[in-house]
Amino acid sequence: MSENEKKPEGQGEQDNRYMFFTRREFVIGAVAGAAVGAAVTGVSMKGGPATAPAKPGAASAKPIKVPSYIAVDYAKCTGCRNCEVECALFHDKKLDLTRARIRTYYFNPPVDVPSLCAKCGDAPCIKACPEKVGAMSKDKTTGAVLVDEKKCIACWACIEPCAKDRTDVIRKSKDEKVIVGICDLCGGDPSCVKGCPEGALSIVPVYQDGKYFAAKPADIARAVAKNLYKA
Amino acid sequence: MANGYMGKILEIDLTSKKIGTIDTDMKIAEKFVGGRGLGARYLWERVKTPGLDPLSPQNPLMIFTGPLTGTILPGPSRLVVCTKAANTSPASSSYPKASTVAYSCMGGQIGPEIKFAGYDGVIITGKSEKPAYIVIDDSKVEIRDAAKLWGKNTNQTDLLLSQELGPTFRTMYIGPAGENLVKYAGIITESSRAAGRSGVGCVMGSKNLKAIAVRGTNIVPVADMEGLVALRKEMFNALKTWNGYDQWRRWGTAAMLLASSQAGTQATKNFREGTDLQGAKIGAPISEKEFWVKHRSCFQCPLHCMKIGQVTSGPYKGTIAEGPEYETGTMHGSNCQVTDVAGMMKSIELADDLGFDSISVANVLAFVMDLYDKGVVTSADLDGIEMKWGNVEGMIALQKKIAYREGVGAILAEGVKAAAAKFGKDADKFAMHIKGQEIAAWNIPANHGFAIVYGTSNRGACHQVGPTVEEQQRRTMCDTVVICRFLYYGIGTALFQKALNTVTGWKLDDAAFFRVADRIWNQEKVFNAREGFRRVDDYVPKRMTTDAFTAGPKKGAILPPDKQEQILDEYYTKRGWDTKTSLPTEAKLKELDLGDLAPVVQGLR
């Protein structure tokens with residue numbers, strides 16, 4: 001699937017093309033106004049404790065063949081951060097969580113929010129990367145944003161558009177030599193999805209013509225808390 | 001830098017506002033390993049004078065991690081808060097402020113974060129002139145003014161810190177109970193996890209320290225990373241094949257509410273009974289249906305034993321509390337004869353929100369209800385509150401009074417032992433404590449092993465230390481390396497021992513591993529002995545040896561006085577201690593490389 005140039009604003013879930021997502025019970029999708037950058041994130045139905053415990057490791061991800069992102073069932077996430085460790089081990093072979101491309105945050109009232117790249121179709125990060133640098137590209141198969149660390153000149157141009165009204169996952173590496181935080185979908189078989197003991201992470205195809213799932217952890221937490229704690 | 005250790009301990013003096021680091025003393029670390037072990041030794045080295053007032057600026061508040069903390073294994077999420085306890089006291093001593101060692105473990109995310117920030121521990125001394133909080137961002141450490149946090153409940157503090165610093169910081173804090181020096185105040189993290197016991201929140205409050213926030217970017221050095229990755233898989237698999245795995249995940253410790261009640265070991269009616277005849281109302285299946293919203297895990301743990309519950313209807317609608325889990329469900333439930341489960345949730349929520357040790361404060365409430373029931377105190381003594389069994393509104397009102405030390409709250413804030421002395425009459429017969437620390441949710445008469453568990457614990461009544469010397473060694477190692485005891489229940493200590501060697505590069509065999517535990521226990525014991533604690537302080541409350549259970553499957557259960565003597569004799573002998581005084585023998589101390597303690601103990605004989 002090629003990158004779609006269209007950027008429909010306020011694409012509604014009633015649109016047939018998006019029914020795929022609404023049928024999934026865990027994500028309604030996020031629609032963001034360009035000015036406010038406030039995302040309304042739909043979350044799963046209450047269901048964690050009542051469901052039978054997931055069998056960790058049982059999930060065997062099929063290699064990703066279409067542009068996809070990793071959808072989070074926030075009601076199932078317990079905040080154990082196994083995903084972070086699996087990510088760090090896969091990419092760096094050591095426990096450098098500062099480089100993990102998924103990070104889980106706690107909010108009050110108790111909500112755990114794994115935060116990772118939303119694979120925005122319009123990829124403002126790639127657009128921000130200076131043309132002559134060209135350190136970022138989109139994987140034509142998985143849709144993931146790939147970062148060539150050798151080309152990155154640490155100009156931080158990509159950080160701002162992501163922080164402004166997307167997920168805010170892009171950050172400086174500890175040595176400030178390269179950007180870190182962008183999920184590469186492990187080349188098509190994400191280790192966080194396989195390693196989640198709760199089955200809270202799923203691989204879901206993502207359309208390429210909008211920034212539908214990008215939201216910052218605090219905004220997600222607010223929406224999830226409202227959904228989980230109804231009283 | 002030694003593998004498994006960050007090599008540095010952060011040291012902060014709140015009086016002079018001096019911030020610095022000291023090297024982790026590897027000579028001590030090789031003998032005492034981490035967590036509770038480092039706490040025991042550092043406390044001994046820093047508190048040279050017996051009888052030090054635990055609320056004085058000189059008492060160090062120490063937070064220690066272990067070599068496994070912050071590694072990729074399941075369960076290394078914990079830290080241990082070590083200090084001289086605020087809430088314990090011996091039967092008699094020449095020191096008016098005598099108290100035991102304190103160690104209080106806490107899960108969540110902040111333990112690993114301290115290591116990621118580059119420290120094996122944090123030692124806080126002195127007393128801030130004004131309320132303060134500490135922000136640790138790797139090597140950048142600041143003491144900040146806590147004026148806007150002081151007086152706030154723990155949930156509000158949690159929110160304010162998160163708003164100010166962002167969710168990348170992990171925080172621990174005290175509530176009004178700690179600020180107002182309630183002896184059994186705890187330290188809270190993530191709204192409802194606690195280093196609850198031993199009054200560590202009271203010590204923190206005495207330093208005018210409201211909160212600690214930590215963020216780190218370092219990596220815990222590991223001797224054999226490949227080996228550790230393999231071990232991680234092995235441990236996760238071992239947990240999955242444990243037959244308790246699914247139950248722990250689903251119900252956590254709440255699964256024990258009904259089981260314990262049936263076994264006659266559930267604290268009921270201020271420990272008068274072992275079976276709650278109302279128990280069916282407070283079991284895990286009902287809690288799951290009525291309240292539970294989600295599970296929560298500590299760092300890397302697949303057991304997610306924490307359940308967050310919400311009350312969705314009735315007068316307590318909107319209450320969000322952890323649990324009930326076994327301890328809170330029993331202490332705020334059956335032990336206070338509460339049948340209104342939603343009300344019980346409110347009481348649990350409030351205990352965390354005000355920053356109490358939930359176990360102790362609920363024990364205090366049951367103590368008051370028992371006194372009221374028997375007419376030892378009346379509502380006139382309780383500022384007009386009718387503390388009938390199960391009166392949730394009374395429990396709520398009294399908790400608030402205690403947290404702010406208002407009226408009778410000032411008396412109850414001292415714990416059941418001191419409150420009983422103040423009330424006079426027969427009140428001490430109702431005070432269910434050992435060494436001044438309130439007994440937790442497992443009752444003793446139908447399971448005499450608990451007389452050893454609670455009686456011999458070095459921090460006063462504590463349900464977690466184990467009923468035999470061997471079990472105590474294993475659990476001491478859990479608090480030392482530091483891992484959660486619940487994973488140990490599933491897969492034992494062997495894999496964690498292997499993990500310790502894999503992480504540190506050491507080659508500790510079984511004997512050496514458990515000798516560390518024995519050494520720690522004896523170090524703590526000598527500290528307590530110097531304060532004046534002896535055999536007489538290891539007895540269960542007298543009522544448990546005189547009044548049998550009157551109902552339930554274990555009707556008639558009692559701990560006969562001669563049995564109490566017998567099990568203590570056996571225990572001390574096994575420990576290599578003098579049975580008359582309970583003091584460790586010189587031979588035992590030398591065997592454990594604690595020869596330097598021998599002259600001290602000699603002086604106590």
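The values are calculated or read from the model by the stated rules, or taken from the named source; none is laboratory data. This structure is a prediction, so every number in the text was calculated from the model and none was measured. Glycine also receives a Cβ, built like all others from the backbone with ideal geometry; neighbour counts cover every protein chain displayed. Surface accessibility is based on the protein's heavy atoms, side chains included, excluding ligands, DNA and RNA. Shrake-Rupley method; radii C 1.70, N 1.55, O 1.52, S 1.80 Å.
Here are the numbers:
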quantity: 10 Å Cβ neighbours from other chains, averaged over peptide A:94-104; calculated: 4
quantity: Three principal axis lengths of segment B:395-475 [C-alpha, angstrom, descending]; calculated: 46, 26, 20
quantity: Computed log₁₀ I(q)/I(0) - Debye formula, equal Cα scatterers, no solvent, segment B:215-358, q 0.11, 0.12, 0.15, 0.21 Å⁻¹; calculated: -0.50, -0.58, -0.79, -1.21
quantity: Lysines whose Cα lies under 30 Å from that of B:Lys590, excluding same-chain neighbours fewer than 8 positions away; calculated: B:Lys8, B:Lys27, B:Lys31, B:Lys48, B:Lys84, B:Lys97, B:Lys435, B:Lys498, B:Lys507, B:Lys525, B:Lys574, B:Lys580
quantity: Kirkwood Rh in Å, taken over all unlike Cα pairs in segment B:244-437; calculated: 16.8 Å
quantity: Inter-probe distance in nm under a simple model that places probes 7 Å from Cα toward Cβ, at B:Glu129 and A:Asp175; calculated: 4.4 nm
quantity: Spherically averaged projected area in nm², based on the convex hull that wraps the Cα atoms of segment B:449-604; calculated: 10.5 nm²
quantity: Computed FRET value (nearest 0.05) for B:Lys580 with B:Asp509, which takes r as the C-beta separation and R₀ as 30 Å; calculated: 0.30
quantity: Kirkwood Rh in Å, taken over all unlike Cα pairs in segment B:1-90; calculated: 14.3 Å
quantity: Viscosity 1.306 mPa s, 10 °C: Kirkwood-radius Stokes-Einstein D of chain B over Cα pairs, µm²/s; calculated: 67 µm²/s
quantity: Local net charge near B:Ala211, Cβ-Cβ under 10 Å (Lys/Arg +1, Asp/Glu -1); calculated: +2
quantity: Rounded if a/c under 1.5, otherwise prolate or oblate - segment B:202-247, Cα gyration tensor axes; calculated: oblate
quantity: Solvent-accessible area, 1.4 Å probe, carbon plus sulfur percent, for segment B:8-215; calculated: 49 percent
quantity: Radius of gyration and maximum dimension Dmax of the protein assembly as shown, Cα, Å; calculated: 27.0, 87
quantity: Gained length - B:Lys48 relative to B:Glu142, 0.36 nm times residue gap less alpha-carbon distance; calculated: 31.0 nm
quantity: Cβ-defined net charge surrounding B:Phe116, 15 Å radius [Lys, Arg +1; Asp, Glu -1]; calculated: +4
quantity: Taking N as its residue count, the alpha carbon Rg of segment B:8-215 over 2.2 N^0.38 Å; calculated: 0.94
quantity: Residue-averaged [θ]222 nm for the protein assembly as shown, counting only DSSP H segments that reach four residues, each worth -39500 (n - 2.57); calculated: -9500 deg cm²/dmol
quantity: Sequence ranges B:66-77, B:247-258, B:476-487, B:136-147, ranked by mean other-Cβ count within 10 angstrom, highest first; calculated: B:66-77, B:476-487, B:247-258, B:136-147
quantity: Under Karplus coefficients 6.51, -1.76 and 1.60, residue-wise ³J(HN,Hα) of segment B:575-583 in Hz, glycine/proline x; calculated: 6, x, 10, 5, 5, 6, 9, 6, 6
quantity: Two-site label geometry, B:Lys317 and B:Lys233: point separation in nm, points 7 Å out along Cα→Cβ; calculated: 5.3 nm
quantity: Candidate lysines for bridging to A:Lys127, where Cα separation is under 17 Å - those fewer than 8 sequence places away on the same chain excluded; calculated: A:Lys6, A:Lys7, A:Lys119, A:Lys138, A:Lys140, A:Lys151, A:Lys164, A:Lys211
quantity: All lysines inside 24 Å of B:Lys289 as judged from Cα atoms, apart from same-chain residues fewer than 8 positions distant; calculated: A:Lys46, A:Lys55, A:Lys76, A:Lys226, A:Lys230, B:Lys281, B:Lys307, B:Lys317, B:Lys346
quantity: Inter-probe distance in nm under a simple model that places probes 7 Å from Cα toward Cβ, at B:Thr546 and B:Glu290; calculated: 3.7 nm
quantity: Cβ-Cβ FRET estimate between B:Leu604 and A:Asp92, R0 fixed at 41 Å, reported to 0.05; calculated: 0.15
quantity: Relative contact order, percent, segment B:449-604 [alpha-carbon distance under 8 Å, six or more residues apart]; calculated: 22 percent
quantity: Protection proxy ranking, peptides B:299-310, A:129-140, average beta carbon neighbours within 10 Å, highest first; calculated: B:299-310, A:129-140
quantity: Förster radius 35 Å - calculated FRET efficiency between B:Gln247 and A:Thr141, Cβ distance, rounded to 0.05; calculated: 0.25
